[in-house]
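Shown next, in structure tokens, is the structure this report addresses.
The values are calculated or read from the model by the stated rules, or taken from the named source; none is laboratory data. Bear in mind that the values here come from a model prediction, so they are computed numbers and not experimental data. Cβ placement follows ideal geometry from the backbone for every residue including glycine, while neighbour counts extend to all protein chains displayed. Please note that ligands, DNA and RNA were not included when accessible areas were found on the heavy atoms of the full protein model with its side chains. Shrake-Rupley method; radii C 1.70, N 1.55, O 1.52, S 1.80 Å.
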Amino acid sequence: MNIAKPNSYRSGPDERGHFGIFGGRFVAETLMPLILDLEKAYTAAKADPAFQAEMNGYLKNYVGRPSPLYFAERLTEHLGGAKIYLKREELNHTGSHKVNNVLGQIMLARRMGKKRIIAETGAGQHGVATATLCARFGLECVVYMGAVDVERQQPNVIRMEMLGATVVPVQSGTRTLKDAMNEALRDWVTNVHNTFYCIGTVAGPHPYPTLVRDFQSIIGNETKTQMQEIEGRLPDSLVACIGGGSNAMGLFHPFLDDPSVEIFGVEAAGHGLTQLHAASIAGGRPGVLHGNRTYLLMDADGQIQDAHSISAGLDYPGIGPEHSWLHEVGRVNYLSATDDEALAAFQLLSKLEGIIPALEPAHAIAKVMELAPKRPKDHLMVVNLSGRGDKDVPQVGDILRGKK
Amino acid sequence: MTTRIDTRFAELKKEGRAAFVTYVMAGDPDPKTSLEIVKALSKSGADVIELGIPFTDPMADGPSIQAAGLRALKVGMTLKKTLDLVRDFRKSDNVTPLVLMGYYNPIYIYGVDKFLADAKSAGVDGLIIVDLPPEEDDELCIPALKAGLNFIRLATPTTDDKRLPAVLANTSGFVYYVSIAGITGAAAADANVVGDAVARIKRHTKLPICVGFGIRTPEAARAIAEKADGSVVGTALVDALKNSLDAEGRATAKTVNAVAELTAALAKGVKGAQQAAE
Ligand SMILES: Cc1ncc(COP(=O)(O)O)c(C=O)c1O
């Protein structure tokens, strides 16, 4: 596609929530007034220094930020090319980047006087982060999770319940993340008067893709400062996995207008791109679902297709609208990694660095294994280690022992 | 432009009664039976027919209509076949207004201009697209109006007086008032509360106002018809259809009749309503 290069890649969305043709507000009328309220509340909060100050306090003392930018020496040696840095989001409280966004949204919910929080979750990391902050602030929490994911991410289901949340297994449709999101939207339509929907990624109707991006941008902003301190310059490339795309957007966004920085998003190729997978950019086209226009996996009639990934957090047939736009304008390169490649990367990082990654960022590591050897030794590559693998240990253990 | 919807509501106004609006899913439980059901609706007293476009991810629908969509998709129903169904229906009925109701993605993928041309020529009169609020009017609403189709908007309990003008601005045919904040098939709304809401909307528009969500029985349909210009029933008809299917979800000899009988009973309820003075 031939699209004129914008002056800045960081100016979107427009006032209607569009990134090029992507984004928008495709929701039922019942929700529309709420979405407009949320936009107003967010604009006011952003301009309020007290909001930022309160956020910063919790980010430091509760989440444990800044997360380290760690030189992965043995991985670098092993791959024999680029110098690889890991942005250690897995060290955050609750074990992933999801908490950055949830903290922001819960602060907003409190400002808006909402006492009941709902969320959808795939891997359970967003659900755990939401349950955690609801516990911390004494809010009611209901988490929708596909029945298939409830099965394969048991440790997180137990955590959410311990934190006092109600986990609702979703039996409709494909019983994964997309259906959890449908069910959360149905709950929201029904309980509009007291409920705040805490969306876990840079998707959904405007203003969600923007506010989630803004809350996650702390990842990229810290990386910029840390790399300056360590190496005295910008990194040369960034790599992150993509489910809906929030950890990726958080890392990428602050660097979009630095043309020397190559940027790679990694989608889940499941069994392979010619079979069942979850790579919406590689295998999809623009459509409308869950409140926004974006790349989606669908059939010729516009029916949404089943996604597949070994990783519950990437098992979604769509992607955030800003990623769709960054793909079309050519600023970010979207690659994909299969289940098997992710499993191999999962084991490699565990053995070489003593860090067990979540299956989601294992997809990013898988592409680092391809990209790094082709780059010179002074090339600085940052990969977002978006979460830790504790939740995946039972599932991967079974696979490696040949049980599944 | 005058559509079959405008004509029908003008007639009903002369008769001094409210409309009975029915909803079923296109292609449920199979395209052939579905056509027979749609024909039976108009013969059994439906004044306006809403036909659901099946979609994998119906975010505003409850379990009954979700399942109906999946039954239709399972037997290969598509938007194109939905238009075929309308075309076939028009061979025997060229007066009953027919409205397609669904979600935007299948239409967007079909291609908006081609869809509008094909829908118009098939005999569709109006569209209700749940996930297209006024903020997205450029997508389909404005082109539909230009193509001579009504674009029927949902107003809800959360649509306050400040927002109503925006919701009504490009609405035509009738206004669909969703009686509760919720999904289809949920609890019924109180007729008096609905009456207040209808009165509130009437202050902003001259269009007829039909009320739906949560109406299941002839009594409830009648109570709402006394407060509004029409009662919409969907989930109850879809449930009647489902209860007539065999264990594999296929139509039986009872299926068309099951829907027709409930339709007739509901229509009688609506027709027995005492219309409130204008
Ligand atoms: C650790 C981790 N990384 C990545 C993701 C994918 O989400 P996103 O693309 O929004 O970062 C998830 C989602 O569950 C996750 O748990």
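Tabulated data
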| read-out | value |
| --- | --- |
| Along chain B, longest interval not containing exposed trypsin sites (Lys or Arg not before Pro), exposed being DSSP loop plus at most 12 other Cβ atoms within 10 Å | B:1-161 |
| Point-to-point label distance, A:S11-A:D306, nm (Cα→Cβ direction, 7 Å offset) | 4.5 |
| Net charge dipole size for segment B:4-271 [Lys, Arg +1 and Asp, Glu -1 on Cβ; Debye, nearest 20] | 740 |
| Kirkwood estimate for the protein assembly as shown, i.e. one over the average of 1/r between Cα atoms, Å | 26.1 |
| Distance between segment A:368-382 and segment A:329-354 - C-alpha centres, whole angstrom | 13 |
| DSSP beta bridges in segment A:1-154 [antiparallel fraction, %, rounded to 5] | 45 |
| Reduction of at least 40 Å² in accessible surface, 1.4 Å probe, comparing all protein chains with the chain by itself, residues of segment B:98-113 | B:N105, B:Y108, B:I109 |
| Accessible solvent surface per residue of segment A:96-209, calculated while the other protein chains remain in place, 1.4 angstrom probe, Å² | 27 |
| Potential lengthening between A:D340 and A:R74 on full extension [0.36 nm per residue; Cα-Cα distance subtracted] | 93.6 nm |
| Heavy-atom accessible area, 1.4 Å probe, ligands and nucleic acids excluded: residues of segment A:280-303 down by at least 50 Å² from chain alone | A:V288, A:R293, A:D301, A:Q303 |
| Accessible area per residue in Å² at 1.4 Å probe, computed on segment B:4-271 | 36 |
| Of all accessible heavy-atom area on segment A:82-153, the percent that carbon and sulfur account for (1.4 Å) | 46 |
| Relative contact order (percent, whole number), segment A:240-363, Cα cutoff 8 Å, 6+ residue spacing | 29 |
| Overall form of segment B:39-133 per C-alpha gyration tensor (a/c, 1.5; a/b vs b/c) | oblate |
| Accessible surface of segment B:90-225 [probe 1.4 Å, protein heavy atoms]: carbon and sulfur percent | 55 |
| Segment A:314-366, accessible surface, carbon-and-sulfur percent (1.4 angstrom probe) | 52 |
| Between segment B:32-91 and segment A:95-159, the alpha-carbon center distance in angstrom | 37 |
| Cysteines without a disulfide-compatible partner [the protein assembly as shown; Cβ-Cβ under 4.7 Å] | A:C198, A:C241, B:C141, B:C210 |
| Chain A, Cα convex hull volume normalised per residue, Å³ | 135 |
| Volume of the Cα convex hull of segment B:228-267, divided per residue and given in Å³ | 56 |
| Per-pair calculated FRET efficiency, R0 = 22 Å: B:A169 and B:R203 via Cβ, rounded to 0.05 | 0.90 |
| Quotient of C-alpha Rg and 2.2 N^0.38 Å, computed over segment B:4-271 | 0.92 |
| Distance between segment A:251-268 and segment B:239-278 - C-alpha centres, whole angstrom | 57 |
| Value at 222 nm in deg cm²/dmol, rounded to 500, when DSSP H runs of n ≥ 4 in the protein assembly as shown each add -39,500 (n - 2.57) | -13000 deg cm²/dmol |
| Gaussian network model of chain A, Cα within-10 Å springs - most flexible of A:G244, A:G232, A:G387 | A:G232 |
| Size of the A/B contact, given as accessible area buried on both chains, probe 1.4 Å, in Å² | 2900 |
| Rough spin-label spacing in nm, given labels placed 7 Å along Cα→Cβ, for B:E36 and A:R233 | 7.7 |
| Inter-site label distance for B:K13 and A:K374 at 7 Å from Cα along Cβ, in nm | 6.8 |
